[in-house]
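Once you've had a glance at the structure underneath, I'll fire off some questions.
The values are calculated or read from the model by the stated rules, or taken from the named source; none is laboratory data. This structure is a prediction, so every number in the text was calculated from the model and none was measured. Backbone-built Cβ (ideal geometry, glycine too); neighbour counts: all protein chains shown.
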Amino acid sequence: MNDIIISPSILSADFANLEMELKALKQAGAKWVHIDVMDGHFVPNITIGVPVVNSLRKVTDLVLDTHLMIDNPEKYVEAFAKAGSDIITFHFEAVRNISHAVEVISLIKSFGVKAGVSIKPKTAPEEILPLLDKVDLLLVMTVEPGFGGQEFMHDCAMKIPVIKDNAPEGLIIQVDGGVNNLTSKICTSLGANSLVAGSYIFKNDYKKAIESLY
């Protein structure tokens, strides 16, 4: 049970009371919190920026799991690292190729932050296999990124075993999108060891919802 990392997405939280929400998540057993950063270009929505991450860092010791759904991620790595992110994940689709991705990964790690790469539903897992030994986390999107509350895409979950079979020991394989008490079991049975859940947690009793994901 404790081998699975639950990372509640604050995209579904009460933005007027984020400090309170973080305290409630910690009391409910969460050790991570997932921060969705959207720029209105890479995805159609606009959400949290550097000042919010900086503010969250001041009021919580939860792991800040920062997911950059933005174009030109290298331009913002330093700012999000210095704001207090513990992990910075960027999208493979936001960079040109493997070598560009390696540069961004190196940049993230240069600030002492863990590096992650995410793939959207239409990206084949084979495209990012050369990166698995260079990152700390690989995030499989099981919805199109941009909005919370979408339905889980089962075919995307089938990327998990491909990644698992090629992953070095210790790689965090995270799934984000439509995760609930049923889809979580699909993901973990296929090899995922970290789950992002937003609306499912925040629309229910936090503690019970988190515990139901294991």
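Being within 19 Å of MET38 (Cβ to Cβ) and in contact with a helix residue (DSSP H, G or I) (Cβ under 6 Å, 6 or more places away or on another chain) is the requirement here; does GLY148 meet it?
So GLY148 fits the description; yes.
Which one is nearest to GLY149 (Cα to Cα), of the residues in segment 1-22 that are of a type outside the set (Gly, Ala, Ser) and buried (at least 17 other Cβ atoms within 10 Å of the Cβ)? Don't jump to the end; show me each part of the working.
The first filter runs over segment 1-22 and keeps only residues of a type outside the set (Gly, Ala, Ser), leaving 1-6, 8, 10-11, 14-15, 17-22.
Applying the additional criterion that residues be buried (at least 17 other Cβ atoms within 10 Å of the Cβ) yields 5-6, 8, 10-11, 18, 21-22.
Details: ILE5: 20, ILE6: 17, PRO8: 13, ILE10: 12, LEU11: 10, LEU18: 19, GLU21: 18, LEU22: 20 Å.
Result: LEU11.
Can you say whether GLY84 is of a type outside the set (A, V, I, L, M), assigned to a loop (DSSP other than H, G, I, E, B), free of Cβ contacts under 8 Å to residues at least 60 places away in the same chain and touching a strand residue (DSSP E or B) at 6+ places or on another chain (Cβ under 8 Å), as far as the supplied structure shows?
Judged against the criteria, GLY84 is a match.
Just the residues that are closer than 19 Å to LEU195 by Cβ and assigned to a loop (DSSP other than H, G, I, E, B), please, taken from segment 1-53.
Within segment 1-53, MET1, ASN2, ASP3, ILE4, ALA13, ALA28, GLY29, ALA30, LYS31 qualify.
Right, next: Could you please find all residues in segment 176-190 being in contact (Cβ under 8 Å) with a residue 24 or more places away in the chain and surrounded by fewer than 17 Cβ atoms within 10 Å (Cβ to Cβ)?
Correct list: ASN181 only.
Still on this structure, I have one more. Among residues belonging to segment 128-175 that are within 13 Å of VAL117 (Cβ to Cβ) and of a type in the set (D, E, K, R), point out the one that is surrounded by the most Cβ atoms within 10 Å (Cβ to Cβ).
Checked segment 128-175; the qualifying residue surrounded by the most Cβ atoms within 10 Å (Cβ to Cβ) is LYS159.
Provide a single number: the residues in segment 23-74 that are polar (S, T, N, Q), surrounded by 17 or more Cβ atoms within 10 Å (Cβ to Cβ) and modelled with pLDDT of 95 or more.
Count: 2.
Sticking with this structure for a sec: Which residue out of ILE98, ILE88 is β-branched (Val, Ile, Thr), modelled with pLDDT of 95 or more and surrounded by 19 or more Cβ atoms within 10 Å (Cβ to Cβ)?
ILE88
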